[in-house]
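Have a look at the structure below, then the notes.
The values are calculated or read from the model by the stated rules, or taken from the named source; none is laboratory data. The shown structure was predicted, so the numbers you read here are calculated from the model rather than taken from an experiment. All Cβ positions, even for glycine, are placed from backbone atoms using ideal geometry, and neighbour counts span all protein chains on display. Side chains included, ligands, DNA and RNA excluded: accessible areas come from the protein's heavy atoms. Shrake-Rupley method; radii C 1.70, N 1.55, O 1.52, S 1.80 Å.
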2 protein chains.
Amino acid sequence: MAQLRLDISVSLDGFIAGPNRTTEEPLGEGGEQLHDWVFRLASWMEAHGIEGKGATGPDDDLVKEQMAQPGAVLMGRRMFSGGEGGWEDDPMAEGWWGDTPPFGMPVFVLTHHARETLTMKGGTSFVFVTDGVESAFEQARAAAGGKDVAVAGGATIVQQCLRAGLLDELQVHVAPVLLGDGVRLFDGGEQGKLELLRVVDSPTVTHVKYRVVREA
Amino acid sequence: MAQLRLDISVSLDGFIAGPNRTTEEPLGEGGEQLHDWVFRLASWMEAHGIEGKGATGPDDDLVKEQMAQPGAVLMGRRMFSGGEGGWEDDPMAEGWWGDTPPFGMPVFVLTHHARETLTMKGGTSFVFVTDGVESAFEQARAAAGGKDVAVAGGATIVQQCLRAGLLDELQVHVAPVLLGDGVRLFDGGEQGKLELLRVVDSPTVTHVKYRVVREA
């Protein structure tokens, strides 16, 4: 059975983006620090079409693993568009992912605004789902061809997946920084037990992977 | 130079206590789960005067290390008294630590209400400090005899120490649970870079230790 997985970078104080997000600075003030560990990695650079010799090692192995698992992606509306406003003000806008997004698979965007599927270069398509998170997950699972589904964020859709009991695994990449303010990963009152699956200890980030324990 | 250190158990969603704390349930609803990993350990049982054979291993080694470092403790008023109200309503109350508290060293309690020092059994004394966190830290450092000072919590005094630039190291013991609500460890807008010092990976808890980076 396909699993729904989350991999997300977070500050020690629980933020996945800093305050004052804009279209120019979609991660908010200080938010880029959460992703410093990933930008230099060979697997990430290759997926994003960046030339040069990236770093290999445990962090890179982990990102390769994370990229190999899913066959489809779930995403919130704001993560698609980047920043406040976004494409709802411009129905032809194609988000902030460029014409060759790094996914290479179907991406299901949960939104209140219906629109036609966008087919991008490199195998990515954006499918817009307006009838809720369960429907988006079911469509993603059907499209994943037996592979897992990755929920890419932001926080709202992650919290919706947790509340709906859809999430199977979550892996946090904890960056050694206190942002002080911004978008909290957990802010919706989600409760539950987790099973600690794995810790990967790296010099600049701590990767901790959990299974969500379903009540019997 | 003596260091100011924090060791604290926290849920994955950042809470050090659950909601609805009372004198009977000072850790709030679900809060005991944060400390499940420590209750069975030999070092903790011995310090708390509990009979029986406790567990040894990496978690126990870590608690022994944590207990050996400080020569004095900093504590917030509410952690001294336990729950809402507490001794401010009863000037003779001796907190919720019993007559032989587990510290065995001077404990400096930051409060707005002056009172005489309480000398307890087993080497613990409670000294009440009313002129701010810097003063409490200076008094604790002077009393620590060259050893470190441990800030025991709660969240308010930890945030005060961070904002005042007093904290040198923090080690979080991340329990695999989402409490959903309660007392957040980081909730005061504290910002800053951390240096990742050490991860101890254990089956039921993840210990991550950081140095607070001081801006030059």
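I'd like the antiparallel share, as a percent to the nearest 5, of DSSP beta bridges with both residues in chain B.
Working: 17 of 41 bridges.
Close to 40 percent.
Charges only on Cβ, +1 for Lys and Arg, -1 for Asp and Glu: so what's the dipole of the protein assembly as shown about the Cα centre, in debye to the nearest 20? Before the final figure, lay out the partial values.
Working: 36 positive and 64 negative charges, 141 e Å.
It works out to roughly 680 debye.
How large is the accessible surface per residue of region B:69-216, computed with a 1.4 Å probe and reported in Å² as a whole number? Kindly include the intermediate steps, with their values, before the conclusion.
Numbers: 6290 Å² over 148 residues.
Solvent-accessible surface per residue comes out at 42 Å².
Share of Cα-Cα pairs in region B:1-84 beyond 19 Å, in percent?
Numbers: 1758 of 3486 pairs.
Value for region B:1-84: 50 percent of Cα pairs lie more than 19 Å apart.
For chain B, modelled as a GNM with alpha-carbon contacts under 10 angstrom, which of B:V200, B:V133, B:V151 fluctuates the most?
Greatest mean-square fluctuation among the candidates belongs to B:V200.
Under 1.5 on a/c is rounded, so check that first for chain A, then, if it is not, pick prolate when a/b is larger than b/c and oblate when it is not; a ≥ b ≥ c are the square roots of the alpha carbon gyration tensor eigenvalues. Could you put the intermediate results ahead of the total?
On the way: a/c = 1.24, a/b = 1.11, b/c = 1.12.
The shape class here is rounded.
When the helices in chain B are scored as -39500 (n - 2.57) per DSSP H run of 4 or longer and the sum is shared across all residues, what 222 nm value do you end up with, to the nearest 500 deg cm²/dmol?
Helix-only estimate at 222 nm: -5500 deg cm²/dmol.
Please give the FRET efficiency for A:M1 paired with A:D131, using the beta carbon to beta carbon distance and R0 = 25 Å, rounded to the nearest 0.05.
0.65
What average number of partner chain Cβ atoms lie no more than 10 Å from the Cβ of the residues making up A:195-203?
Numbers: counts 3, 10, 1, 1, 8, 2, 7, 2, 2.
Mean partner-chain Cβ count within 10 Å for A:195-203: 4.
Would you mind listing the distances between the B:D61 label point and the same position in each other copy? Use 7 Å along Cα-to-C-beta, nm, one decimal, shortest first.
2.2
Please quote Rg/Rh for region A:54-174 to two decimal places, taking the Kirkwood radius as Rh and restricting both calculations to Cα atoms. Could you put the intermediate results ahead of the total?
Details: Rg = 14.4 Å, Rh = 15.0 Å.
Result: Rg/Rh = 0.96.
Let me have the relative contact order for region A:1-73, percent, based on Cα pairs under 8 Å that are six or more residues apart. Spell out each step's value before the answer.
Values: 57 pairs, mean separation 14.1, N = 73.
Worked out over region A:1-73, it gives 19 percent.
Could you pull the copy-to-copy label distances for B:T204, with points set 7 Å along Cα to Cβ, in nm to one decimal and sorted shortest first?
3.6
How would region A:159-216 be classified by its alpha-carbon gyration tensor: rounded, prolate or oblate, with rounded meaning a/c under 1.5 and the a/b versus b/c comparison settling the rest?
On the way: a/c = 3.03, a/b = 1.30, b/c = 2.33.
Oblate shape, in that a/c is at least 1.5 and b/c is the bigger or equal ratio.
Would you work out which of A:M75, A:L34, A:V127 lies farthest towards the positive end of the dipole of the protein assembly as shown? Charges go on Cβ: Lys and Arg +1, Asp and Glu -1.
Among A:M75, A:L34, A:V127, the one farthest towards the positive end of the dipole of the protein assembly as shown is A:L34.
In nm to one decimal, list the spacings between the B:Q3 label point and its equivalents in the other copies, with label points set 7 Å along Cα to Cβ, shortest first.
In nanometres, ordered from closest: 3.5.
So how far, in whole Å, is the C-alpha centre of region B:194-209 from the one of region A:1-50?
21 Å
Mind listing the phi-derived Karplus ³J(HN,Hα) values for region B:107-121, rounded to whole Hz, using 6.51, -1.76 and 1.60 with θ = phi - 60°, and x for any glycine or proline?
Running phi through 6.51 cos²θ - 1.76 cosθ + 1.60 with θ = phi - 60° gives 10, 9, 9, 7, 8, 9, 10, 5, 7, 5, 4, 9, 9, 9, 6 Hz.
Once R0 is set to 22 Å, what does the formula 1/(1 + (r/R0)^6) return for the Cβ-Cβ distance between A:D36 and A:T100, expressed as a FRET efficiency to the nearest 0.05? Mind dumping the intermediate values first?
Details: r = 24 Å, r/R0 = 1.08.
My answer for the efficiency is 0.40.
Along the axis that rotates chain B into chain A, which residue of chain B has the nearest beta-carbon, and what is the gap in whole Å?
That would be B:G14, 2, residue then distance in Å.
For the pairs A:K147/B:K193; B:K64/B:K121; A:K209/B:K209; A:K209/B:K147, flag any whose C-alpha to C-alpha distance is greater than 26 Å. Could the numbers behind the result be given before it?
Working: A:K147/B:K193 38 Å; B:K64/B:K121 21 Å; A:K209/B:K209 18 Å; A:K209/B:K147 36 Å.
Going by Cα-Cα distance, A:K147/B:K193; A:K209/B:K147 fall outside the 26 Å limit.
Let me know the mean shielding of A:163-174 by other chains, meaning the per-residue number of their Cβ atoms within 10 Å of its Cβ. Intermediate values should be presented prior to the final figure.
Details: counts 0, 0, 0, 0, 0, 0, 0, 2, 0, 2, 0, 8.
Per residue, the number of nearby Cβ atoms from other chains is 1 on average.
Can you bin region A:6-46 into rounded, prolate or oblate? Criterion: square roots of the alpha carbon gyration tensor eigenvalues sorted a ≥ b ≥ c, rounded for a/c under 1.5, prolate for a/b above b/c, oblate for the rest.
Details: a/c = 2.34, a/b = 1.45, b/c = 1.61.
Judged from the Cα gyration tensor, region A:6-46 comes out oblate (a/c at least 1.5, b/c at or above a/b).
Which cross-chain or sequence-distant (5 or more) residues have an amide H under 5 Å from the amide H of B:G28, H modelled 1.01 Å from N in plane?
B:G18, B:T22
Output the antiparallel fraction of DSSP beta bridges having both residues in region B:92-216, as a percent to the nearest 5. Can you show the working numbers first?
Working: 15 of 20 bridges.
Around 75 percent of the beta bridges assigned by DSSP in region B:92-216 are antiparallel ones.
If I take every Cα pair under 8 Å that is 6 or more residues apart in chain A, average their sequence separation and divide by the length, what percent do I get for the relative contact order?
After rounding, I find 29 percent.
About the Cα centre of chain B, what is the dipole size in debye to 20, counting +1 per Lys and Arg Cβ and -1 per Asp and Glu Cβ, all else neutral? Spell out each step's value before the answer.
Numbers: 18 positive and 32 negative charges, 126 e Å.
Charge dipole, chain B, about its Cα centre: 600 debye, nearest 20.
With +1 on the Cβ of every Lys and Arg and -1 on the Cβ of every Asp and Glu, and nothing else charged, how large is the dipole of region B:89-216 about its Cα centre, in debye rounded to the nearest 20? Don't skip to the end; give the middle numbers.
Numbers: 11 positive and 17 negative charges, 89 e Å.
Rounded to the nearest 20 debye, it is 420 debye.
Please compute the alpha carbon radius of gyration of region A:129-198, then divide it by the globular-protein estimate 2.2 N^0.38 Å. Two decimals is fine.
Working: Rg = 13.8 Å, N = 70, 2.2 N^0.38 = 11.1 Å.
Normalised Cα radius of gyration, region A:129-198: 1.25.
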